[in-house]
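Novice: The structure's right below; bear with me while I get my questions together.
The values are calculated or read from the model by the stated rules, or taken from the named source; none is laboratory data. Worth saying up front: this structure is predicted, and the values here are computed from it rather than measured. Cβ sites come from the backbone with ideal geometry, for glycine too, and all protein chains shown count toward neighbours. Quick note on the areas: whole protein, heavy atoms, side chains included, nothing else; ligands and nucleic acids left out. Shrake-Rupley method; radii C 1.70, N 1.55, O 1.52, S 1.80 Å.
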Amino acid sequence: MTLQQLKYAIEVANRGSMNEAAKRLFISQPSLSNAIKDLEEELRITIFERTNKGISLSKEGAEFLSYARQVVEQAELLEGRYLNAKPSPQHFSVSTQHYAFAVNAFVNLVQEYGQDEYELALRETKTYEIIQDVKTLRSEIGILYLNEFNAKVINKLLKDAGLQFTSLFTAKPHIFISINNPLAKQSIVTIDALQNYPYLSFEQGEYNSFHFSEEILSTLSHKKSIRVNDRATLFNLLIGLNGYTISTGVLSADLNGNEIIPVPLDCDETIKVGWISHKNASLSKLATAYVEALHQAITT
């Protein structure tokens, strides 16, 4: 087993394709395939499952790559210290539902731990893709929520992927609305009071199941409904159309200003927000620091 083989396996996992990884590595696809095959035979494990639709990371492959990444990162640190005379770039990636506190924590992480060089990634994306990102180690951490309605489905996916859910906080549902919305002065809002306002939710793409919705009460019908792909668009529509969305009530005035406010929603639901990671993988230094930043972000 060589360091080069480990780098090859990591690149294939990142790209999800032998062809794309080969292009990035500037080697032929057969050479890359043979290198991965030799590695699997030496270790007596299957790192990548091969199907007619392409490749995917196996459970044992995910565990192997968690260790491989640590080895490669340590090697880069050694090279940076003794060969290049400078620190190597730090690496960290997180995939998350559209939470302002997750962005705020990421900003604090970069401000505290960012060096002159780093390669970091923050992906606000769809629920199913968050799970897949962490499963394939595209991201070290994922952030999503569980509640009574979606827990059975989400927990099964996490179990099958070898992932674990760690709770950050439990919240009562709130609506996010503009400060100019007629409902803004109310201390609590009922579901019936929302009927004439546009309901805004995040598009879930191919996996647009109620169980993958970022908003609770996703099975309710709405007279006016708009789906969007990003948080900035949703916030603009909250202001421009007096729309609303349902979330945790945790906002960041530093990042989102004061034009959007949370108002408690009158219902018996609860939202358990947490982070997911591989069961058998230790968190990197930056991942551990990011979890700490998450806790700070939700308490400020």
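Novice: In the range 89-299, what percent of the accessible surface is made up of carbon and sulfur (1.4 Å probe, ligands and nucleic acids excluded)?
Specialist: 47
Novice: GluC sites (Glu not before Pro), restricted to the range 181-277: which are DSSP loop and have at most 15 other Cβ atoms within 10 Å?
Specialist: Qualifying residues, ordered by number: Glu203, Glu259, Glu269.
Novice: Along the charge dipole of the chain, which of Ser201, Ala171, Leu3 sits closest to the positive end, that is, farthest toward it, with unit charges on the beta carbon of Lys, Arg, Asp and Glu (+1, +1, -1, -1)?
Specialist: Towards the positive end, the residue furthest out is Ser201.
Novice: Residue farthest toward the positive end of the dipole of the range 89-299, with Cβ of Lys/Arg at +1 and Asp/Glu at -1: which of Val189, Val94, Asn108?
Specialist: Going by the Cα projections, it comes out as Val189.
Novice: What do you get for trypsin sites (Lys or Arg not before Pro) in the range 169-261 restricted to DSSP loop and a cutoff of at most 15 other Cβ within 10 Å of the site's Cβ?
Specialist: Those that pass, being in a loop and sparsely packed, are Lys185, Lys223, Lys224.
Novice: Looking at the range 1-76, which trypsin sites (Lys or Arg not before Pro) are in a loop (DSSP not H, G, I, E or B) and have at most 14 other Cβ atoms within 10 Å?
Specialist: Arg44, Lys53
Novice: Under a Cβ-only charge scheme (Lys and Arg +1, Asp and Glu -1), can you give me the dipole magnitude of the chain about the Cα centre, in debye to the nearest 20?
Specialist: So the dipole magnitude of the chain works out to roughly 420 debye.
Novice: Contour minus end-to-end for Ile191 and Asn14, with contour as 0.36 nm per residue of separation and end-to-end as the Cα-Cα distance?
Specialist: Additional length available on full extension: 59.5 nm.
Novice: Treat each spin label as a single point 7 Å out from the Cα along the C-beta direction, and report the Glu259 to Phe169 distance in nm.
Specialist: Taking the simple label geometry, Glu259 and Phe169 are separated by 2.4 nm.
Novice: Please sort through the DSSP H helices of the chain and keep those with an alpha-carbon extent of at least 15 Å along the long axis and a Kyte-Doolittle average not below 0.0.
Specialist: 100-113, 285-299
Novice: Quick one: work out the % antiparallel among DSSP beta bridges in the chain, nearest 5.
Specialist: Bridges in the chain are about 60 percent antiparallel.
Novice: How far, in nm, would the chain grow between Ile239 and Lys53 when pulled straight, counting 0.36 nm per residue and subtracting the alpha carbon separation?
Specialist: Stretched out fully, the Ile239 to Lys53 stretch lengthens by 62.6 nm.
Novice: Right, another one. Averaged per residue, what accessible surface does the range 172-300 expose to a 1.4 Å probe, in Å²?
Specialist: That works out to 50 Å² for each residue.
Novice: Could you pull the Cα extents of the range 198-300 along its three principal axes, largest to smallest, in whole Å?
Specialist: Per principal axis, max minus min of the Cα coordinates gives 47, 33, 28 Å.
Novice: Please give the solvent-accessible surface of His174 in Å², to the nearest 10, using a probe radius of 1.4 Å with every protein chain present.
Specialist: 40
Novice: Only bridges whose two residues both fall in the range 158-300 count here: according to DSSP, what percent of them are antiparallel, nearest 5?
Specialist: Within the range 158-300, antiparallel bridges account for around 75 percent of the total.
Novice: Here is a further query. Pulled fully out, how much extra length does the chain show between Arg227 and Cys267, if you take 0.36 nm times their separation in residues and subtract their Cα-Cα distance?
Specialist: 12.1 nm
Novice: If you put +1 on each Lys and Arg Cβ and -1 on each Asp and Glu Cβ, how big is the dipole of the range 105-230 around its Cα centre, in Debye rounded to 20?
Specialist: Magnitude of the dipole: close to 700 debye.
Novice: Hey, with R₀ at 41 Å, roughly what FRET efficiency would Asp38 and Glu79 work out to, going by the Cβ-Cβ distance, to 0.05?
Specialist: 0.95
Novice: Oh, and also: Once you list every other residue whose beta carbon is under 11 Å from the beta carbon of Ala161, what net charge do they have if Lys and Arg are +1 and Asp and Glu are -1?
Specialist: Within the 11 Å Cβ shell, the charges total +3.
Novice: What order do Glu76, Glu63 take when sorted by accessible area (1.4 Å probe), most exposed first?
Specialist: Glu63, Glu76
Novice: Would you tell me the accessible area of Ser201, worked out with a 1.4 angstrom probe on the heavy atoms of the protein chains, in Å² to the nearest 10?
Specialist: Here the accessible area works out near 10 Å².
Novice: Farthest toward the dipole's positive end in the range 117-156, which of Gly142, Tyr128, Asn155, given Cβ charges of +1 (Lys, Arg) and -1 (Asp, Glu) about the Cα centre?
Specialist: Towards the positive end, the residue furthest out is Asn155.
Novice: Taking semi-axes √(5λ) of the Cα gyration tensor in Å straight from the coordinates, which label in [x] 35, 25, 17; [y] 44, 27, 13; [z] 40, 22, 16 is the correct one?
Specialist: [z]
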